[in-house]
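The values are calculated or read from the model by the stated rules, or taken from the named source; none is laboratory data. If you're wondering where the values come from, they're calculated on a predicted model, not measured in any experiment. Note that each Cβ is placed from the backbone with ideal geometry, even for glycine, and that neighbours are counted across all protein chains shown.
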Amino acid sequence: CSTFLEKYEDQIEEWYQTSSPDLIDNFYEWLCIDTAKVCCPEGTFGKNCRRCHYGDNKLVCSGNGNCNGDGTRSGNGRCICNTKYSGTNCSNCQSGYTKSVDENDQVICSGRE
């Protein structure tokens with residue numbers, strides 16, 4: 001952590017002196033994503049911040065799992081599906097579960113058949 005601070009100390013001081021106090025919410029994005037390039041925006045992963053898999057409902061992993069590496073410069077972007085869900089973007093149900101879709105296009109896998 002101290003090495004990181006030393007490496008970006010000049011940029012942090014410049015940002016602090018030239019930015020408006022109401023932009024503090026943008027500090028994380030400015031430092032970690034844009035300047036140091038150690039993180040990615042939410043919904044992206046890997047060295048070049050590639051887009052995670054999204055479902056038809058426009059949610060990462062259909063809202064039924066997590067993107068491996070989401071928000072980091074690592075990971076492979078594959079969806080790690082929650083229990084009962086399967087598929088590239090977690091939009092299918094595992095064998096034995098019933099699939100339905102709610103009014104927000106959210107796939108729901110329920111009870112064993």
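A compact table of results
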{"read-out": "Sole residue being touching a strand residue (DSSP E or B) at 6+ places or on another chain (Cβ under 7 Å) and surrounded by 22 or more Cβ atoms within 10 Å (Cβ to Cβ), chosen from Asn89, Asn68", "value": "Asn89"}
{"read-out": "Those residues of segment 40-65 which are among the small types (Gly, Ala, Ser) and over 24 Å from Glu103 (Cβ atoms), in sequence order", "value": "Gly46"}
{"read-out": "Residue list for segment 9-40, restricted to those being among the aromatic types (Phe, Trp, Tyr) and either touching a residue at least 40 places away in the same chain (Cβ under 8 Å) or under 21 Å from Ser74 (Cα atoms) (or both)", "value": "Tyr28, Trp30"}
{"read-out": "Segment 28-56, residues that are polar (S, T, N, Q) and surrounded by fewer than 17 Cβ atoms within 10 Å (Cβ to Cβ)", "value": "Thr35, Asn48"}
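Okay, residues lined up against (1) in contact with a helix residue (DSSP H, G or I) (Cβ under 7 Å, 6 or more places away or on another chain); (2) at pLDDT 95 or above:
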site: Leu5; (1), (2): no, no
site: Trp15; (1), (2): yes, no
site: Asn26; (1), (2): no, no
site: Thr35; (1), (2): yes, no
site: Gly63; (1), (2): no, yes
site: Asp70; (1), (2): no, yes
site: Gln94; (1), (2): no, yes
